[in-house]
Amino acid sequence: MRITDVRPVLLTHPYGTGSGGQRSACFVEVETDAGVTGVGETYAGVYVPEVAASIVELFKPLVVGQDPTSPEAVYRTAYRATSYFGRTGLTVMVLSAIENALWDIAGQAREVPVHALLGGAVHEELPVYGSGGPFTMSIPELVAQGLDTKRRGLRGFKLRVNFFRYQPEVEIERVAAVREALGRDMALAIDAVQTYNPKPWSVKDAARMLRMLEPFGLAWAEEMLPPFDPQPYAELRRTTSTPISGGEGITTAVQFEQWLRAGAFDLAQPDATIIGGIGEARRACEAAAAHNIPVAVHVWGSAPTLAANIHVAFATSNCIWVEHPVLGNPLESELCVEPLVIRDGYVQPPTAPGLGIRLTAELREKYPVVPGSGSVFGV
């Protein structure tokens, strides 16, 4: 079997329950001479879909003609060819989609789910937490979303703090309201989204906020600092009893290992649509295990993103959580060959061959891309 074509597919879909918003995605289809087509997704499609599509075209001549059932070998060839300008960052994020599509092909060719190719599922099921709570929500809206997540049976809820403003007193009100509504039997976490603003928080700022939030028993605090240096993360870990998580934006397993070696995380959050693909995500998880750090796979995309990370999660012994966005994305379900099965808040191992994704002509017609629809903040 050989790869005959690699092409980007851009779609724009409704996004944000009740908000009337929209969001774009960049999928990649890889075709073979055996008639098997694989589908992957890059998280870069949320931000710069047109640029991501052009990078797919850059990789195409490096990939066509290769064996699609050897995803990691194809990844190494493409990665090395662009290493002078693409060792980390956007090119790796886009290459993730191609690599994931190859795992999809390999699974379909062998008629097994991808986690079987990774050594098999090592969990019977995994707990799922609902990820939402944008800082633009009022407290009643935030509580309502948290309660809806609880009604759906999910095991935890994560909300965003206002990373544009350092306002711990306000965050106490928001977290307190959600904790009271959810009770103590449901995990609750916060995400500062890398404090993405012109004046990012210091270790001292983050530590002060977390001390004030300690009474609410946070399961973890995510990306409370800028994502450029692991040392401040390690320092923050030493100053708080709240577990510190991060790593979703790291590209390559080598870079992830550097952050782990620096002691940056209590909880590691790699993403197979960012780090270089399923193979790199697996290596990052193995590195986390070597450092005795648990994993909560990051998910903030459509069905191919969810699928790729769930397959990695089931093959990862130290994975303890799967993220599931709750802001409303029709492409989470409409691309799936089989529905995602969640029972009592625990996701079950996928059974469809490959990643279980189909990108149909009907979906392309239903969600045509809107030019210039990239989102700076990913929402």
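The values are calculated or read from the model by the stated rules, or taken from the named source; none is laboratory data. In this text, all values refer to a predicted model and were calculated from it rather than measured experimentally. Virtual Cβ from ideal backbone geometry, glycine too; neighbours counted across all protein chains shown. Note: areas computed on protein heavy atoms with side chains; ligands, DNA, RNA excluded. Shrake-Rupley method; radii C 1.70, N 1.55, O 1.52, S 1.80 Å.
Quick one: helix 168-182 against the long Cα principal axis of the chain, what's the angle to the nearest 10°, folded into 0 to 90?
With rounding to tens, the tilt is 80 degrees.
Hey, if you put +1 on the Cβ of every Lys and Arg and -1 on every Asp and Glu Cβ in the chain, which of 103, 369, 224 ends up farthest toward the positive end of that dipole?
Final value for the positive-end residue is 224.
Among (1) 21.4; (2) 25.7; (3) 20.7, which one is Kirkwood radius over Cα pairs in Å computed from these coordinates?
(3)
In region 105-173, which chymotrypsin sites (Phe, Trp or Tyr not before Pro) fall in coil by DSSP and have 15 or fewer other Cβ atoms within 10 Å?
Counting only loop positions with at most 15 other Cβ atoms within 10 Å, the chymotrypsin sites (Phe, Trp or Tyr not before Pro) in region 105-173 are 164.
Please report the accessible area of residue 254 (heavy atoms, 1.4 Å probe, ligands and nucleic acids excluded) in Å², nearest 10.
Rounded to the nearest 10, that gives 100 Å².
Could you rank 31, 41, 332 by how accessible they are, 1.4 Å probe, largest area first?
The ranking, largest first, comes out as 31, 332, 41.
Where the eigenvalues come from the Cα gyration tensor of region 17-80, what are the semi-axes √(5λ) of the equivalent ellipsoid, largest first, in whole Å?
27, 14, 10
Gap in Å between the Cα centre of region 249-272 and the Cα centre of region 16-75?
The distance from the Cα centre of region 16-75 to that of region 249-272 comes to 23 Å.
Top to bottom by accessible area (1.4 Å), largest first, where do 123, 298 land?
123, 298
Return a whole-number percent for the relative contact order of the chain, with Cα pairs under 8 Å and 6 or more residues apart as the contact set.
In percent, rounded to a whole number, it is 22.
Once both axes come from the Cα atoms, what is the angle between helix 90-110 and the longest principal axis of the chain, in degrees from 0 to 90, rounded to 10?
Rounded to the nearest ten degrees, it is 60.
Along the charge dipole of region 250-379, Cβ charges K/R +1 and D/E -1, which of 340, 251, 267 sits furthest on the positive end?
The residue sitting most towards the positive pole is 251.
Rounded, prolate or oblate for region 78-172? Axes are the square roots of the Cα gyration tensor eigenvalues, ordered a ≥ b ≥ c, and the cut-off for rounded is a/c under 1.5.
oblate
Could you give the size of the charge dipole of region 1-46 about its Cα centre, using +1 on the Cβ of each K and R and -1 on the Cβ of each D and E, expressed in debye and rounded to the nearest 20?
With only Lys, Arg, Asp and Glu charged at Cβ, the dipole is about 180 debye.
Which residue, 61, 353, 127, tops the fluctuation ranking in a GNM of the chain built on C-alpha contacts under 10 Å?
Between 61, 353, 127, it is 61 that shows the largest mean-square fluctuation.
Report residue 317's accessible area, 1.4 Å probe, all protein chains in place, as a number in Å² to the nearest 10.
Estimated to the nearest 10 Å², residue 317 gives 90 Å².
State, as an integer percentage, the relative contact order of region 250-379 based on alpha-carbon contacts under 8 Å between residues 6 or more apart.
The value is 18 percent.
When the chain is modelled as a GNM with alpha-carbon springs shorter than 10 Å, which of 205, 271, 33 fluctuates the most?
Judging by the Gaussian network model, the answer is 33.
Using only Cα atoms, find the angle between the long axis of helix 278-290 and the longest principal axis of the chain, and express it within 0 to 90 degrees, rounded to the nearest 10.
For 278-290 against the chain, the angle is about 40 degrees.
Using heavy-atom solvent-accessible surface (probe 1.4 Å) with all chains present, what is the largest-first order of 186, 1?
Heavy-atom accessible area, descending, gives 1, 186.
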